[in-house]
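The structure appears right after this line, and notes come after that.
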Amino acid sequence: VASTPESPSIAGGAETSFDLGNGVKLEMIAINAKGKSFLMGSPKDEVERLTGIKFDSEDQHEVRFNHDFSMGKYEVTQEQYEAIVGTNPAEFKGARHPVGNMSWDDAQEFIGKLNEKFKNQKVRFRLPSEAEWEYSCRAGTTAYNSRNTLPTQEAPSSSRNQSGTKPVGSFPPNSFGLYDLHGNVFEWCDDYFGPYSKASNDGTAQLTKQSLASEVRVIRGGDWNGDVRICRSAFSILYAPWVRNPFFGFRVVVVSQE
C-alpha cells in the first residue's frame, strides 16, 4: 500500500517563453516537482471510472519526482506548429486552436526541430511522461483538476455542447496555471503503454517496450468530442505511434540541461 503522499504545492511556478519567430511564443510554466509525491491513478470507486481490459489501467501507486520540469501552458497551437514545421494539418483551423491530426511520430518531428532551434540554450524539449502529465493535470486535486466533477464552464468536451476545438485558454486554468488538460485534444505522452508495476516511480517515462511486438504509446486528457469520463486526470489509452486523428494533439515539456 502506498504511503500517504505529500500535498503538492498548487501554485504555478515561473512562466517562461521561447520565441518561435514572427511574434509566435511558446509559453511554459515551471512545475517544481522534485522531492514531491502524489498518488497516480484512481481508486476503484472513482465516479465515471471506466472498466474493462482496454481501460482498467489506473492502479493507484505513489510517484516521487526526482526532477523539476516546465510544462506547456497550452496545447501546442497551429501557429506554433507551423512556425517550426511549416505545415498545418489540423482539421479545425485557427491559429490559436490546438494542432490536431497529430501522431506520436509527428510530435517527435516537431520536438526534434524545436530542440535544434534552441540547441544553444541548454534546454531539451520532449513529450511529458505520464506521471508528469497527470501530476500537472491534477494540480493537487482528484478526478478532475478542479474537483470530482467537471463543470460545464471548465472544459471543452462533448457533454459541454462543443463543436470542434476551441482556442487554447478559452476555459479557466488549473492551479498550476495550465489550460485545457481536460478536453480540446488528446495529448501524447512519451511512455510506452503498459502496467504501472513495470514503470519507474520517479516520474520519468516508461521507455521500455512492454513486449517485443508492442509499439503502442500513451495518450491522455480526452478531446472535445469525447465523453467526460475520458477527460479524467487518471485516464489513459493506447495508440500506435503512427496513428493520426483530428482529435490528437500534444503539449511539450522542457528541462534544463545544465
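To the nearest 0.05, how large is the calculated FRET efficiency for Asn245 and Thr16 if R₀ is 25 Å and r is the Cβ-Cβ distance?
0.25
What's the extension gain from Arg96 to His67 if we count 0.36 nm per residue and subtract their Cα-Cα distance?
Gain in length upon complete extension: 7.4 nm.
In Å², and per residue, what accessible area does the stretch 176-222 have when probed at 1.4 Å with the other protein chains present?
36
Dipole of the stretch 172-258, Cα-centred, from +1 at each Lys and Arg C-beta and -1 at each Asp and Glu C-beta, to the nearest 20 debye?
Once rounded to the nearest 20, the dipole reads 240 debye.
Which far-off residues, 5 or more places away or on another chain, put their amide H under 5 Å from the one on Asn66, with H placed in the peptide plane?
Close amide H contacts, sequence-distant or interchain: Gly35.
Just to verify a number: FRET efficiency for Asp227 and Lys119, C-beta to C-beta distance, R0 = 41 Å, to 0.05?
Approximately 0.50, to the nearest 0.05.
Any chance you could list P(r) for the stretch 32-117, counting all Cα-Cα pairs in 5 angstrom bins from zero, rounded to whole %?
That works out to 3, 11, 15, 13, 11, 16, 18, 11, 2, 0, in percent per bin.
The values are calculated or read from the model by the stated rules, or taken from the named source; none is laboratory data. As the structure is a computational prediction, the values presented were derived from the model and not from experiment. Cβ atoms come from the backbone with ideal geometry, glycine included; neighbour counts cover every protein chain shown. Note: accessible area is taken over every heavy atom of the protein model, side chains too, but ligands, DNA and RNA are not part of it. Shrake-Rupley method; radii C 1.70, N 1.55, O 1.52, S 1.80 Å.
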